[in-house]
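Trainee: Mind looking over this structure? Questions follow.
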Amino acid sequence: MIRVVVQTLVLLAVALVTLVLLLLATGHAPGPALSAMASGAFGSSYALLSATPVRAIPLALAGLAVAIAFRAGILNVGAEGQLLVGATAAACVAALAMASPGLPALLVIVAMLAAGTLAGGLWAGIAAWLRARFGVLEVISTIMLNLIAHELVGYLVRGPLQEPTRTNPQSSTLVEALHLPVLVEGSRLHAGLLLAIGLAVLAWWWLRNTASGFRLRAVGGNASAAASAGRVNVPRVVAGAFLTSGALAGVAGAVQYSGVTFAMYENFSPGYGYKAIAVALLARLNPLGVLVAALLFGALEAGANAMERDAGVPNVVVSVVEAALILLVVAADRWRARTGNSTRE
Amino acid sequence: MSDALTLGTDFLEASVRFATPLALASLGECVSERAGVINIGLEGAIICGALGATVAAGAVGVGFGFAAGALAGVAIAALFALFTVWMRADQIITGTAITLLAAGLTGTLYRSTFGVSGVALSTPTIGATAVPGLSAIPLLGASLFEQPVVTYLVYALGPLITWWMFRTHAGLGLRAVGERPQAAIAAGVSPRLTQTFAVLFAGAMAGLAGATLVLAQAGTFVEEMSSGRGFIAIAIVVLGRWHPMGVLAASLLFGAAQSLDTVFQSMGWREVPYQLFLAIPYLMTLLVLAFASARARAPAALGQRELTEK
Amino acid sequence: MTAAGSPSPVPLLSMDGITHRFGPTAALDSASLVVRPGTVHAVLGENGAGKTTLLRVAFGMLQPDAGTLRWRGVVTAIASPSEALRRGIGMVHQHFTLVPAMTVAENVALGERGRYDPSRAAARVRDVAGQSGLTLDPEARVGALTVGAQQRCEIVKALARNVELLILDEPTAVLAPQEAAELLAWTRRYADSGHAVVLITHKLRDALGVADDVTVLRRGRTVLATPARGVTESDLTAAMLGEDASTVRAVRAARGVMAGPVVLSARDVRARDSRGVERLRGVTLDVRAGEIVGIAAVEGAGQQQLLRVLAGRLRPDAGAVVVPEAIGFIPEDRHHDALVLDAPLYENVALRDAAARGGHMRWDVLREETRSIIGSYDVRTADENSSARSLSGGNQQKLVLGRELSGGPAAIVAENPSRGLDFRATAAVHEQLRLARDRGAAVVMYSSDLDEVLLLADRVYAMHDGVVHETARDREAVGRAILGGALPSGVSVP
């Protein structure tokens, strides 16, 4: 545990050095840039209560989705699409609810989240079925489903879901009564945070302490040993994990819709589903670690925006830092695997 | 009548135009996947190629722009190869990182050099070159043979890669590596060198695709201008059943789907849900994946990390 | 020159004093082999006698620690398989290295340079196959071929490189009887056309049927090198099995406690392997409480499938199987089938009942159980939190054994339980299997080492070609039966 923390800190330091070098290379003074970044991420109550955590929430939920799938040995690259259909389903529920006013707000909110969960699960279910029935590589099928989800959203926000004036390609704005409750007065911090924390703790506990969570980990660790030594029904465990993963990504979309964007539009997700892979990996696929990694990514992105605003550094520089983090984690793992092999026996 | 003809020509011309960068990237990905490496970092190689082309074309000239685009693609692919081929890291995770890295790098460099979303930068472009004779064919001539030269490169590369893949021993070795690396090793073919070559080639092709977007189409660099083409290329390779000529046909289909928008607009059909047409090729891809015969399946060792069986 | 009185002037290949060590154990201990041109040369020996190792040295896959190799009478060092091929030595391994998705012609051409012309490649395959008398469709996809045709493809691959010496490693193990007969007949014709074939086998009939010369290895040494003419099966058996064959090993007295009721039983069981080849062709056997039943077999006799059927891990195609609910299974490949290497030991112990568990994992109980397994099975490790990967092979096996034996299963199925273990670890594994038997478990075990089977088993079934016969616990009888030799008539079944 301590070793993982130390290692992650070292990786962060290396990523930070990468950032400094990149800043120097592009002619930006690192000092002011980094201090703008730090204050944008942590330096104010707005940063601490809104900018950083609000950015972290969708990454945490989608990161959990990726972590669960990868733990079961499923390469679900489809969190992006599952998140999009989840958000879309929530927007559909919202449209129906706004068309018939008078429904209890809480009921509608729960229905939106449930619809997102279900839609994400079903969307992943397509890939799960294709894998189980036809042996289709889930890497390819989930990428296809991401692209299809993207076109689906594009169609809906110009068609059935488009706002009444039909000027902008987006859904009508969610009425305030149906927003996810704000946790701290005056901030943008919404109840999705509690959901993310709750689900992360639940997922952590489930994987660790229940028989079904253990089966999932065993299948991911060595499917043939799980089948042979544990007589585990591997296809069933895989399907269950895939659906769960999709459901988590779906709820991430529903939460982002009802807590942040309040509308559905084409570029609803700036690649949350792909950044979620980075988050999950940095967290070593540990659900609690996902919370921390998502917060780190949220802070990086909040800080990057402040850096652009206050120091004129392009905010996309943060993607380089995130990519460097993934590559460093991968390199460290491969290095450990290699040295581990050579020291054994 | 002549309206319909014009529309047909326009539609075909647009389809080929949209298809050209897709075909470049997909042909590269096809070679890479045939060697067992699935590169979802292609998106990153395309955007790197686009920026490389922009810079070099502005500074030196259009021809250098294409070369620089290809080189930029090779550079980012080299990083991918280092991780996946030599360190045997997971291809999907590395590809994700590469895409993220390329988006960040190009965005940072572009904005730092040319200003934050600043003055629209315009580069020289290559115009269409009519192929004497062929371009006079009604309907097809104007659409297929009055295109930028890169399009003709695509026409040439399809058959050329097919020939190389199926009519040379090196191509045989490439396919063996993607199917069963141990068999390749036993026959004296090095999977690592083969895969490295394939990944770098795919990088060069993706870089060319990015250069095409800038130098033959947009005339400028826009962040995120690759807009998912790297992922679409993966779909095209599947729909093209991992065969270069199939990949060409599938590229044209995807290009056609993308150009429907223009057709609908010129016809004044604003209500047609063209996004649904855009989704059709992906659905076809999924169907191909599910129901393809054994011959059209993915290379058996695609995405495999280890080169040896237990 | 060590022409060793052979009638032909210069042997094609002669190996002398070849020693090769894997770690501390010598797989080859000054072995020798002389192959004359124009002959089929059978290399015989039990599992682990060093046959394959010796010929891998000839093919350049392994480098000898001592000894000399002469090729056409000239001392030669063969550094790699590609060099062996260049010099004219080809080898077809037991596990084929073919690309199933490619055609025969493509597989044969793999590894060459320059242009590839399918029709020329096909013509070449037809030529090579035709000249050597093999039937092979150059345009067929290898994945669609029968195992026999795949083997012919491997042979043609070697012949296309103009080899003069063709080494076939257990070529008949994967073949149906008809195919095997055809292959052997082919080797005869091929040798008659002036080439040489080395046939690695443990089937006496194969050897005596076609071979001109026979070399027998035992424990890494050449114990017999003779023309095949005039040699009998029992001569060969004696050479393969050694002194033990003549002096029948003293059979331990029947155990005082009579074996109990039948716990595991199979009746006319048929089953296929993952490739769809029928491996069990009507197996009937019983294992009773309180006995160890040993399965003796050579590679590919169907023992893998039999053990999995008895362990409830493989559903038979036909026949009746009775297996108890609680059954311990110790598979041969612990890394693949028994352990999650990166998980801690207590989770590996928990794996045993993974499917049956519900609700909450009682980790405290499982940790306690793991600690007790670590203690009573002498697993050398820091504690139960260590990863399985951090353990040595012997300790991994002791952990698997402990997991499968604790809780007192009614039956235990063990496959090569001491594979890769040193002497002490092996002794510990044997001790645990005996203790389980004494406790009243029905134990069935297979080992590729015949001596291990005879050492442990109360009763022995010899397995050959998908069927089993109960055989006296007698080394010679069992050795004969598993090699496909005639069953000693009137075997008294205890």
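Any read-out appearing in this document is the output of simple, stated calculations on the displayed coordinates, not a laboratory observation. Just so we're clear, the structure is a prediction, and the values are computed from it rather than from any experiment. Please note: Cβ atoms are built from the backbone with ideal geometry, for glycine as well, and neighbour counts cover all protein chains shown.
Trainee: For the range B:178-233, state the average projected area of the convex hull of the C-alpha atoms over all orientations, rounded to one decimal in nm².
Mentor: Averaged projected area of the range B:178-233's Cα convex hull equals 4.9 nm².
Trainee: Hey, another quick one. Given B:PRO244, B:ALA45, C:ALA427, which one lies farthest toward the positive end of the charge dipole of the protein assembly as shown, if we put +1 on the Cβ of every Lys and Arg and -1 on the Cβ of every Asp and Glu?
Mentor: The Cα lying farthest towards the positive end belongs to C:ALA427.
Trainee: Would you mind finding the longest exposed-site-free stretch of chain A, with exposed trypsin sites (Lys or Arg not before Pro) meaning DSSP loop and at most 12 other Cβ atoms within 10 Å?
Mentor: A:167-343
Trainee: With +1 assigned to the C-beta of every Lys and Arg and -1 to the C-beta of every Asp and Glu, and no other charges, what is the dipole magnitude of chain C about the Cα centre in debye, to the nearest 20?
Mentor: Charge dipole of chain C: 460 debye, to the nearest 20.
Trainee: Which whole-number percentage describes the relative contact order of the range B:238-286, with Cα contacts under 8 Å and a sequence gap of 6 or more?
Mentor: 36
Trainee: Counting only C-alpha contacts under 8 Å and six or more residues apart, can you give the relative contact order of chain A as a whole percent?
Mentor: 35
Trainee: Right, something else. Compute the acute angle (0 to 90°) between the alpha-carbon long axis of helix B:2-34 and the principal axis of greatest extent of the alpha-carbon atoms of chain B; round to the nearest 10°.
Mentor: Once rounded, the angle reads 20 degrees.
Trainee: Applying the Karplus parametrisation 6.51 cos²θ - 1.76 cosθ + 1.60 with θ = phi - 60° to the phi angles of the range C:318-331, what ³J(HN,Hα) value in whole Hz is obtained for each residue in order, glycine and proline being reported as x?
Mentor: Calculated HN-Hα couplings, in order: 8, x, 10, 10, 10, 10, x, 5, 8, 9, x, 10, 10, x Hz.
Trainee: Counting other C-beta atoms within 10 Å, which of B:MET205, B:MET284 has the fewest, and how do the rest follow?
Mentor: B:MET284, B:MET205
Trainee: I'd like the FRET efficiency for C:GLU233 and C:ALA318, computed as 1/(1 + (r/R0)^6) with the beta carbon distance as r and R0 of 35 Å, rounded to 0.05.
Mentor: E(calc), rounded to 0.05, equals 0.55.
Trainee: Modelled label-to-label distance, A:ARG336 and B:ARG192, 7 Å Cα→beta-carbon offset: nm?
Mentor: Rounded to a tenth, the inter-label distance reads 2.4 nm.
Trainee: Taking 51 Å as R0, compute the FRET efficiency from the Cβ-Cβ separation of A:LEU202 and C:VAL262 and round it to 0.05.
Mentor: Efficiency, from the Cβ-Cβ distance: 0.60.
Trainee: Dipole of the range C:343-404, Cα-centred, from +1 at each Lys and Arg C-beta and -1 at each Asp and Glu C-beta, to the nearest 20 debye?
Mentor: It works out to roughly 120 debye.
Trainee: Based only on other Cβ atoms within 10 Å, what is the fewest-to-most ordering of C:HIS336, C:HIS202?
Mentor: Ordered by Cβ neighbours within 10 Å, fewest first: C:HIS336, C:HIS202.
Trainee: I've got another one for you. When the Karplus curve 6.51 cos²θ - 1.76 cosθ + 1.60 is applied with θ = phi - 60°, which whole-Hz ³J(HN,Hα) does each residue of the range C:80-94 get, with x for Gly and Pro?
Mentor: With coefficients 6.51, -1.76 and 1.60, one gets 7, x, 5, 5, 4, 5, 4, 7, x, 10, x, 9, 10, 7, 5 Hz.
Trainee: Roughly what would the spin-label model give for C:SER30 and A:ARG236, points 7 Å off Cα along C-beta, in nm?
Mentor: Taking the simple label geometry, C:SER30 and A:ARG236 are separated by 6.2 nm.
Trainee: Tell me what the protein assembly as shown gives for mean residue ellipticity at 222 nm when only DSSP H runs of n ≥ 4 count, each as -39,500 (n - 2.57), the sum divided by the residue total, rounded to 500 deg cm²/dmol.
Mentor: The per-residue figure over the protein assembly as shown is -17500 deg cm²/dmol.
Trainee: What is the distance in Å between the Cα centres of the range C:374-393 and the range A:299-328?
Mentor: 45
Trainee: Tell me, B:PHE166, B:PHE18 in order of fewest to most beta-carbon neighbours within 10 Å?
Mentor: Arranged by neighbour count, lowest to highest, B:PHE166, B:PHE18 become B:PHE166, B:PHE18.
Trainee: Counting only residues 5 or more places away or on other chains, whose amide H sits under 5 Å from the amide H of C:GLY328 once H atoms are built in the peptide plane?
Mentor: Here C:ALA411, C:ILE412, C:VAL413 satisfy the definition.
Trainee: Along the charge dipole of the range C:44-108, pointing to its positive end and built from +1/-1 on Cβ of Lys, Arg, Asp and Glu, which listed residue (C:LEU44, C:LEU69, C:ALA79) has its Cα farthest out?
Mentor: Selected residue: C:LEU69.
Trainee: On a full-extension model of 0.36 nm per residue, what is the gain between C:ASN47 and C:ALA79, subtracting their alpha-carbon distance, rounded to one decimal in nm?
Mentor: Difference between extended and current length: 8.9 nm.
Trainee: Related question: Return the FRET efficiency for the residue pair C:THR68, B:GLU224: r is the Cβ-Cβ distance, R0 is 51 Å, and the value is rounded to the nearest 0.05.
Mentor: Computed FRET efficiency for C:THR68 and B:GLU224 comes out at 0.15.
Trainee: Report, in whole Å, the centroid distance computed from the Cα atoms of the range C:178-217 and the range B:89-109.
Mentor: 58
Trainee: Moving on. Compute the distance from the alpha-carbon center of the range B:177-243 to that of the range A:44-67, in whole Å.
Mentor: 34
Trainee: Please say if the range A:106-239 is rounded, prolate or oblate, where rounded means a/c under 1.5 for a ≥ b ≥ c the square roots of the C-alpha gyration tensor eigenvalues, and otherwise the choice is prolate for a/b larger than b/c and oblate otherwise?
Mentor: oblate
Trainee: Please list 3J(HN,Hα) in residue order for the range A:119-134, calculated via the Karplus relation 6.51 cos²θ - 1.76 cosθ + 1.60 where θ = phi - 60°; whole Hz, with x for glycine and proline.
Mentor: Those phi angles translate into 5, x, x, 5, 4, 5, x, 4, 5, 4, 5, 4, 6, 5, 7, 10 Hz.
Trainee: Turning to a different aspect of this structure: Label the range B:185-310 by shape, choosing from rounded, prolate and oblate, from the square roots a ≥ b ≥ c of the eigenvalues of the Cα gyration tensor; if a/c is under 1.5 it is rounded, and otherwise prolate applies when a/b is larger than b/c, oblate when it is not.
Mentor: Note, shape of the range B:185-310 comes out oblate.
Trainee: Still on this model: Give the share of C-alpha pairs in each 20 angstrom bin for the protein assembly as shown, from 0 to the last occupied bin, in whole percents, shortest bins first.
Mentor: 11, 35, 34, 18, 4, 0
Trainee: Work out the length of the dipole vector of the range C:326-461 about its Cα centre, built from +1 on the beta-carbon of each Lys and Arg and -1 on the beta-carbon of each Asp and Glu, and round it to the nearest 20 debye.
Mentor: So the dipole magnitude of the range C:326-461 works out to roughly 240 debye.
Trainee: A follow-up question, please. Can you find, among A:GLY27, A:SER187, C:LEU455, the residue sitting farthest towards the positive end of the charge dipole of the protein assembly as shown, where Lys and Arg contribute +1 and Asp and Glu -1 at Cβ?
Mentor: So the residue we want is C:LEU455.
Trainee: Only Cα pairs under 8 Å and at least 6 apart count here; give the relative contact order of chain B as a rounded whole percent.
Mentor: Averaging sequence separation for qualifying contacts and normalising by length gives 37 percent for chain B.
Trainee: Note the angle between two axes, namely the Cα long axis of helix C:177-192 and the longest principal axis of the Cα atoms of chain C, as a number of degrees from 0 to 90, rounded to the nearest 10.
Mentor: Once rounded, the angle reads 30 degrees.
Trainee: Could you state the angle between the C-alpha long axis of helix B:191-212 and the longest principal axis of the C-alpha atoms of chain B, as a value from 0 to 90 degrees rounded to the nearest 10?
Mentor: Between the helix axis and the principal axis of chain B, the angle is about 10 degrees.
Trainee: C:PHE22 to C:ARG275: extension gain in nm, 0.36 nm per residue of separation minus the Cα-Cα distance?
Mentor: Result for the pair: 87.9 nm of gain on full extension.
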